[in-house]
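Report on one structure; see the data block that follows.
The values are calculated or read from the model by the stated rules, or taken from the named source; none is laboratory data. Note that the structure is predicted; figures quoted are calculated from it, not measured. FYI the Cβ positions are ideal-geometry reconstructions off the backbone, even for glycines, and counts take in every protein chain you see.
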Amino acid sequence: MAILLKNGSVFLHIPKTGGNWITDVLQELNLIEKMISHKHADIDKFFSPVFKYRKEWLKYLFSPKSFSYLHNKPFMFCFVRHPLSWYESWFKYQSQSRRQWRPFGEPRDIYNWHPNAILNGLGSSDFNQFVRNVINKRPGYVTELYGWYTKPQIDFVGKQENLAEDFIRVLRIMNISFDEDFIRKRERVGVSELPKDAIIWDEGLKEEIYKLEYAGIVRYGYYKTDSVSG
């Protein structure tokens, strides 16, 4: 679920960007007021009263405690990761024996939605083939995915590569008291099993992805020289 904090702020969880770790830390710090909508709700889904969780959303929306939260734009934050690294992470996650490329929802079904439903059926045991399958159907997909969450309403976009420090930054912005050492020492969660074969990018394909995801790489402060596999 998207997370509404006790101070009225909202955390939006983009898949494979460290959101499970952030959720666990928020719970341990006792900062969560309520989970609302889909776990990976983007901005439009979070504010939509006709989405799958509309009854829960409306019930909370019109409760006295939430009135000031959701009738004034809340402080909203999310995290991203290098677009090429995102392809690697999704491949590792879906390749796990417990997943085996099982589909996620339907792209246009508000009752069975998932942001990555568009990737259903594009899996492969070969990483480079998976990436080719994605760009044949949706070139520049990761930049598009991030764009659903990083609309003008978003106030802070952190990086998965700098997860703990960026999370500390956003907590400071919200004037929340916390133990920095606790956050820095907190172990990661939701780490996928390593695939059977190491991920090695086809260099020509990598160059193509750099071009297709260039807008996202630049927008979120990454560089072509940032470390990815291969």
**Q.** Every residue from the range 1-14 that is part of a loop (DSSP other than H, G, I, E, B) and farther than 9 Å from LYS39 by Cβ
**A.** LYS6, ASN7, GLY8, SER9, LEU12, ILE14
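Taking the range 148-175 as the region of interest, how many residues are loosely packed, with under 15 Cβ neighbours inside 10 Å and not basic (Lys, Arg)? Can you show your working first?
Kept after step one, since they are loosely packed, with under 15 Cβ neighbours inside 10 Å, are these residues of the range 148-175: 151-152, 162, 165, 169, 172-173, 175.
Keeping just the survivors that are not basic (Lys, Arg) gives 152, 162, 165, 173, 175.
Summing the residues that are loosely packed, with under 15 Cβ neighbours inside 10 Å and not basic (Lys, Arg) in the range 148-175 gives 5.
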Q: Would you tally the residues in the range 208-230 being in a loop (DSSP other than H, G, I, E, B) and either within 30 Å of PHE156 (Cβ to Cβ) or modelled with pLDDT of 70 or more (or both)?
A: 11
Q. Has the range 127-148 got at least one residue that is touching a strand residue (DSSP E or B) at 6+ places or on another chain (Cβ under 8 Å) and farther than 23 Å from ASP202 by Cβ?
A. yes
